[in-house]
Amino acid sequence: MMKTAFLTCFMALLCLLLPATASAERIRDLTTVQGVRSNSLMGYGLVVGLDGTGDQTMQTPFTTQSLNNMLSQLGITVPAGVNMQLKNVAAVMVTAELPPFAQPGAKIDVVVSSMGNSKSLRGGTLLMTPLKGADSQIYALAQGNLLVSGAGAQAGGSRVQVNQLNGARISGGATVERSVPSGFAGQNTLMLQLNNEDFTVAQQISDAINRRYPGSASAQDSRTVSLRAPLDSASRVRFLAEVQDIPLRVDAGDARIIINSRTGSVVINGRVALDSCAVAQGDLAVEVNRTNQVNQPNTPLAGGQTVVTPNTQLSVREQNGSLQRVNTSTDLNSVVRALNSLGATPNDLMAILQSMKAAGCLRARLEIN
């Protein structure tokens with residue numbers, strides 16, 4: 001059966017002659033403000049109230065140790081030598097993202113993941129867990145009832161598990177106790193960081209900002225654009241909000257082909273170009289021929305102009321004994337019908353693209369993940 005990835009790739013290759021159109025985007029979609037970022041938080045806690053699906057204490061002694069420490073802080077002493085069967089308790093790691101400018105009292109979501117051999121966290125309650133940053137300071141406290149989504153489904157007599165049960169979320173489950181200091185308020189110069197390094201886009205952003213605010217922006221390198229912002233906080237926020245909403249027409253960028261070797265998916269942008277080449281992969285043969293079609297006026301004095309139009313032809317052959325299928329056309333429908341009759345796989349597609357790249361007939365950056 002013909003694989004969708006193979007079809008999609010060669011359909012994109014046949015559209016190479018179409019001019020790459022620039023898309024209108026906002027500066028906020030292409031950049032981030034340096035220093036305005038979230039911070040990762042992490043903590044260790046206990047989940048209680050499980051229905052016999054907690055940790056097996058013989059294999060996870062840290063769960064018992066954690067419970068003993070918690071009970072001692074509450075004034076309860078567990079006698080020595082007592083073997084507690086904690087089937088309803090599980091040790092977990094709690095993670096969260098502290099958003100920029102978060103102030104004490106704000107609520108953030110947390111993710112709870114089992115770190116022992118608990119079978120399920122469904123129905124459990126997370127006890128108060130301090131969440132620390134990279135500096136070992138406590139920035140939030142998490143607590144609440146766990147939500148395990150997609151636990152399972154019963155259909156046609158068979159049970160299908162949609163999601164694993166050892167991870168859960170708590171919406172608004174952590175309260176911010178400390179804010180992260182930010183130098184945004186006292187900065188006269190702001191830095192816009194491009195999501196993808198590109199000298200052309202950096203210069204386009206600088207020019208677009210200077211057209212509205214002359215002399216306020218300058219491109220530092222392929223990823224950074226410097227902004228001279230007002231000193232007043234309210235004026236700085238307004239200035240940055242208007243700058244981020246400036247529209248910008250950005251082209252497709254570098255020619256790039258991205259292949260996911262695990263899933264077989266292939267993504268090709270409109271900048272990819274091919275030269276004439278021929279590649280054989282197993283029983284599959286692919287030939288690409290680029291020619292120029294010249295259209296001249298009928299008479300020298302007709303006043304017309306000579307037009308040279310590039311033409312791309314794709315030939316696909318499968319040879320298996322006496323079987324041979326050939327299709328030569330620039331029409332997408334004809335090519336799709338030809339490729340549908342073949343049994344090519346995503347692995348064949350990856351090998352063909354790598355061979356084209358090595359032969360120098362594929363002018364694009366090939367990335368294999």
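A short reminder: the numbers here are calculations on the coordinates, not readings from a lab. Bear in mind that the values here come from a model prediction, so they are computed numbers and not experimental data. Cβ placement follows ideal geometry from the backbone for every residue including glycine, while neighbour counts extend to all protein chains displayed.
Worth pointing out:
- Here the Karplus relation 6.51 cos²θ - 1.76 cosθ + 1.60, evaluated at θ = phi - 60°, turns the backbone of the range 200-212 into coupling constants of 5, 5, 4, 5, 4, 5, 4, 5, 5, 5, 5, 5, 8 Hz, with x for every Gly and Pro.
- The length gained by stretching the chain between Asp51 and Leu71 to full extension, at 0.36 nm per residue less their Cα-Cα distance, is 5.1 nm.
- In this simple spin-label model, placing a label point 7 Å from the Cα along the Cα-to-Cβ direction at both Ser40 and Met191 gives a separation of 2.1 nm.
- Segment Asp221-Ser113, length gained on full extension (0.36 nm per residue, minus Cα span): 34.8 nm
- On full extension, the segment bounded by Ala80 and Arg363 gains 94.7 nm, given 0.36 nm per residue less the C-alpha separation.
- Convex hull volume of the Cα atoms of the range 39-176, normalised per residue: 123 Å³.
- Sorting 234-241, 201-208, 46-53 by average packing, meaning the other beta carbons within 10 Å per residue, from highest down gives 201-208, 46-53, 234-241.
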